[in-house]
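The values are calculated or read from the model by the stated rules, or taken from the named source; none is laboratory data. Small disclaimer: the values here were computed from a predicted structure and weren't measured. All Cβ positions, glycine included, derive from the backbone under ideal geometry; neighbour counts span all protein chains shown. Ligands, DNA and RNA are excluded from the accessible area calculation, which covers all protein heavy atoms including side chains. Shrake-Rupley method; radii C 1.70, N 1.55, O 1.52, S 1.80 Å.
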Amino acid sequence: WSKNNVVNSLWTWSKAFGNYVYWGSGNDYGGGNYGTMTGGVIPAMQGFFVEATDSNPWLTIPQSDRIHSNQAYYKDSFVPENTLQLGVTGNDYKDVVFVSFNEQATEGYDSGYDVQKLFGLEEAPQLYSVIPNRQLSINTLPELTESGIVQLGFECGAEGLFTFTADHLESFIDYTPVYLEDTKEGTIQKLNDNPVYVFNHNPLDEKTRFVLHFGEVNGIGDLTTGGINIYSNKNVVYVKMPVDFTGNISIFDMLGQEIITQKASGEGLMSIPVTNGTGYYVVKVQSDNSLVTRKVFIK
């Protein structure tokens, strides 16, 4: 697209997300775009937003980029190298944040690489990366260091159970361990080993309770799982516990209601029947120094 004094980003509303979906720059300045707007296609008659950076902005969409078809538009999604996609779902809505590394970017706001966060419905999850004076849906940083830290922001006007899912961890050129820290629960989970993290949210929670760590972090050790293994078979949940384990096992339905809670101690395999019907459930195993959550399917 031809443009003047307009950033390399655009936004349009998604009823399914309960949020604005967006499209922004990839590896090349102004090119290789990606984001949550499927294929970068704006539906016919759909309004969209752009951001002007100075006076006399203008934007021209060439005829070749005006798509006419009654067939749903499909296109392989593009994600640059060294890019993490972290999505959150809950309360029937969703949101996505990207954290990318590019030597041409800076630590601050780059209109050619970063995409600002536009907030959606109050009852929908709002996920973003935090930098000074900005909240970003795409945060592109200059380099991947051995101990990079990225502050996340999370908000939602409704309480309940929410799920983070990390994607594109394989996009990192060199194997890079990525950890998600939940400062409220005092836990750290290695997303490379388990890309799904389930948590309870209250609107009064601190907005910056989550932190991403890129590279090894001192002191993590085995706290990501604590030697705990969780799985299910038919209508039974199994929890394998390590030596000297003492803690609680809780099972929640997908509405966030706690249906079972049990104390557990010592090494062994505990079996817990679930009689609340077929579907997905969340199992939370917590001790003094670890918290592990898994989504399981009960038949």
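If we keep just the residues of the range 1-23 that are part of a loop (DSSP other than H, G, I, E, B) and in contact with a Lys or Arg (Cβ under 9 Å, 6 or more places away or on another chain), which is least open to solvent (accessible area, probe 1.4 Å)? Write out each step before concluding.
In the first step, residues of the range 1-23 are kept if they are part of a loop (DSSP other than H, G, I, E, B); the result is 1, 5, 7-9, 15-18.
From the residues that got through so far, the ones that are in contact with a Lys or Arg (Cβ under 9 Å, 6 or more places away or on another chain) too are 16-18.
On the way: Ala16: 70, Phe17: 30, Gly18: 0 Å².
Out of the qualifying residues, it is Gly18.
Whether any residue in the range 262-277 is charged (D, E, K, R) and within 21 Å of the chain's Cα centre (by Cα) is what I want to check.
Within the range 262-277 (the criterion being charged (D, E, K, R) and within 21 Å of the chain's Cα centre (by Cα)), the answer is no, since none of the residues qualifies.
Can you tell me which condition Lys207 does not meet? The list is (1) under 26 Å from Val7 (Cβ atoms); (2) of a type outside the set (Val, Ile, Thr); (3) in contact (Cβ under 8 Å) with a residue 24 or more places away in the chain; (4) part of a strand (DSSP E or B), and all the others hold.
Only one criterion in (1) under 26 Å from Val7 (Cβ atoms); (2) of a type outside the set (Val, Ile, Thr); (3) in contact (Cβ under 8 Å) with a residue 24 or more places away in the chain; (4) part of a strand (DSSP E or B) is unmet by Lys207, namely (4).
As an exercise: evaluate Ile230 against (1) modelled with pLDDT of 85 or more; (2) over 19 Å from Lys184 (Cα atoms); (3) open to solvent by less than 30 Å² (accessible area, probe 1.4 Å); (4) in contact with a Ser or Thr (Cβ under 9 Å, 6 or more places away or on another chain) and give the number of the one condition it does not meet.
Among (1) modelled with pLDDT of 85 or more; (2) over 19 Å from Lys184 (Cα atoms); (3) open to solvent by less than 30 Å² (accessible area, probe 1.4 Å); (4) in contact with a Ser or Thr (Cβ under 9 Å, 6 or more places away or on another chain), the lone unmet condition for Ile230 is (1).
Which of the residues that make up the range 193-208 are surrounded by fewer than 17 Cβ atoms within 10 Å (Cβ to Cβ), over 12 Å from the mean Cα position of the chain (by Cα) and within 21 Å of Val283 (Cα to Cα)?
Residues satisfying the conditions are Asp193, Asn194, Asn202.
Here is a list of conditions, (1) open to solvent by less than 60 Å² (accessible area, probe 1.4 Å); (2) within 17 Å of the chain's Cα centre (by Cα), and Phe119 meets all of them except one; can you say which number that is?
Result: Phe119 passes all but (1).
Go through (1) open to solvent by 70 Å² or more (accessible area, probe 1.4 Å); (2) farther than 27 Å from Asn91 by Cα; (3) of a type outside the set (A, V, I, L, M); (4) within 28 Å of the chain's Cα centre (by Cα) for Tyr238 and report which single condition fails.
Checking Tyr238 against (1) open to solvent by 70 Å² or more (accessible area, probe 1.4 Å); (2) farther than 27 Å from Asn91 by Cα; (3) of a type outside the set (A, V, I, L, M); (4) within 28 Å of the chain's Cα centre (by Cα), the one that fails is (1).
List every residue pair whose Cβ atoms sit under 6 Å apart, with the two residues 6 or more apart in sequence or on different chains, where the first one lies in the range 88-117 and is at positive phi and of a type outside the set (Lys, Arg) and the second, anywhere, is in a strand (DSSP E or B) and crowded, with 21+ Cβ neighbours inside 10 Å.
Cβ pairs passing all conditions: Gly90/Phe162.
State all residues of the range 124-137 that are modelled with pLDDT under 95 and surrounded by 15 or more Cβ atoms within 10 Å (Cβ to Cβ); if no residue qualifies, say none.
Val130, Ile131
Please tell me if Glu143 is under 19 Å from Gln85 (Cα atoms), assigned to a strand (DSSP E or B), open to solvent by 30 Å² or more (accessible area, probe 1.4 Å) and of a type in the set (D, E, K, R).
Taking the combined requirement at face value, the residue does not satisfy it.
Search the range 120-138 for residues that are under 16 Å from Ala105 (Cα atoms) and in contact (Cβ under 8 Å) with a residue 40 or more places away in the chain and pair each with any residue that is open to solvent by 10 Å² or more (accessible area, probe 1.4 Å) and not in a strand (DSSP E or B) when their beta-carbon atoms are under 6 Å apart and the residues are at least 6 apart or on different chains.
Filtered contacts from the range 120-138: Ser137/Lys117.
Going by the conditions given, is Lys190 open to solvent by 10 Å² or more (accessible area, probe 1.4 Å) and either of a type in the set (S, T, N, Q) or under 22 Å from Thr83 (Cα atoms) (or both)?
So Lys190 fits the description; yes.
What number of residues in the range 146-182 are under 15 Å from the mean Cα position of the chain (by Cα), of a type in the set (A, V, I, L, M, F, W, C) and part of a strand (DSSP E or B)?
Qualifying residue count for the region: 9.
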